[in-house]
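Data first, discussion second: the structure below is written as structure tokens.
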Amino acid sequence: MHGDGANNNSNNQNTIHQNRHILSRDVYGTEMAQRARQQAKVGRVPLQSLSSKNGENAQAKITAGKSTILTEISQPTKPILTTKHTSDQPKTPLITFYEDCDLQVVPKNVDDIDENWSLQHANGMDTVKENYFYLLYQEQVKPLSSQFPYNPANLSEGTRLVDAKMRMTLLDWAMTCCEKLQLNALTMYQGVWILDRFIDECNSPKLRTDGRLIDSDFRVNKANLQLVGICSFVIASKYEELEYPMLDDWVFLSADSCSKKDIMGMELNILKALDFDVSTPSPIQFLRRFGHIVNVDQEVYTIAKFFLETTIYCCELSKVKFSEKALACLLIAGKLREKNFWNSDLQYYSQSRKEELLGVIASISKLVIKITCDVLNKQNKKCKTISVFKKYSKDSNFGVANKPDVVGFKIRGRTDLPRNETTADDHIKQIAPNCIIRINPVLNHISNNTNNFF
């Protein structure tokens, strides 16, 4: 008796298990499950994990005895050939979307640099070219306004908005934090972009984000600038880093000037103001691309990175397209090593023209010279642009910031100059009575005259 009861219980449990298994297949409407249920001829056992609506719909379809497909897969349609460009650029189309059978044909005078590289180093991905052309288009979608940074002079000292000097001071501190936290370059550039976008959205009258900010009267000023900067890099680190820093790390680096609650509140404010759109191409992506095109060596590439990170300090250069800044830095670094990188390949893959680059090249050269002079003038205690110079003075970056043939170096007097140079030359800068700096003549010439650059 006991043995028969145990067998009956075991059979009942097996039957229930089979019924549950059958029902789980019934929900998806498979013909095999229907045949199995008819053969078993047992009652249904309800599944608690199924929602009532889905369960009723599935049961109705099964009891009707019809084999239905719950998910319909639409046939792929070939997209219409469309070209995207901005209205202020009437030149040739910048980016076009194609089907695989209609991929863009490279001109005859341009080498297809991705033909062999994609198969060997990109796991066979054959859309490298199209991806980078899309990045060239995407960098033009969300530019900064011409008013950035908006800071009218009629505001009082207490309500004064963020200006170029405040921004420079904050970013110098933020880049030091990025180095201490070992954040990658993509995180740093994206954090700067989020910061600039938020300042532009909040302060510029043309871009006021009515209805998206938690506080419609919010402005970025000196009192909340550090908190906004921290939150910008927190968002960027969550987007780019595999293991992003904890909020306690940012609170510690800020010397407890803000709390975790403040950071989380401002982070939500930034995301709402930017409509949760924090994705953008990075200048370092374009620099890597262009460096691969011209097969640049590591030292020249590091010099270009040094110049590119220095441009972060300048508000006017933040309005320039990322690809143009990256290309200009690479061309300047090549000139300092007597290399001319400009060719038809670089012109095609960057979608740039010489005339567009001359002004950017001159601005970057002047900025690098000015910041280097400020750093080398140790008597200037108000210098707030030292973090990038320190970073590229290390041996891991070939010490390019300290090399005399890159930007310049400090001299004691006429005895430190070459025989054919005097202190009256244009590239000899008298910064202070006891501070004379010799600027690289090639870089100094580029900053003053770019007519013969190409």
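Here are a few things to note about the model shown:
- In region 266-279, the residues that are touching a residue at least 40 places away in the same chain (Cβ under 8 Å) and in a helix (DSSP H, G or I): M266, L268, N269, I270, K272, A273
- Matching residues in region 426-440 - criterion: being without any contact (Cβ under 8 Å) to a residue 40 or more places away in the chain and under 41 Å from the mean Cα position of the chain (by Cα): D426, H427, I428, Q430, I436, R438
- Filter result for L207 (within 19 Å of V162 (Cα to Cα), modelled with pLDDT of 95 or more and not assigned by TED's automatic domain parsing to the domain that holds L317): no
- Taken together, T280, T372 contain a single residue that is surrounded by 23 or more Cβ atoms within 10 Å (Cβ to Cβ) and modelled with pLDDT under 95, which is T372.
- For region 368-391, the condition of being farther than 30 Å from M166 by Cβ and not in a strand (DSSP E or B) holds for none of the residues.
- One residue alone among T169, T159 is β-branched (V, I, T) and at pLDDT 90 or above, and that residue is T169.
- The residues of region 381-419 that are in contact (Cβ under 8 Å) with a residue 12 or more places away in the chain and over 30 Å from the mean Cα position of the chain (by Cα), listed by number, are P404, D405, G408, F409, K410, I411, R412, G413, D416, L417.
The values are calculated or read from the model by the stated rules, or taken from the named source; none is laboratory data. Just so it is clear, the model here is predicted, and its values are computed rather than measured. Please note: Cβ atoms are built from the backbone with ideal geometry, for glycine as well, and neighbour counts cover all protein chains shown.
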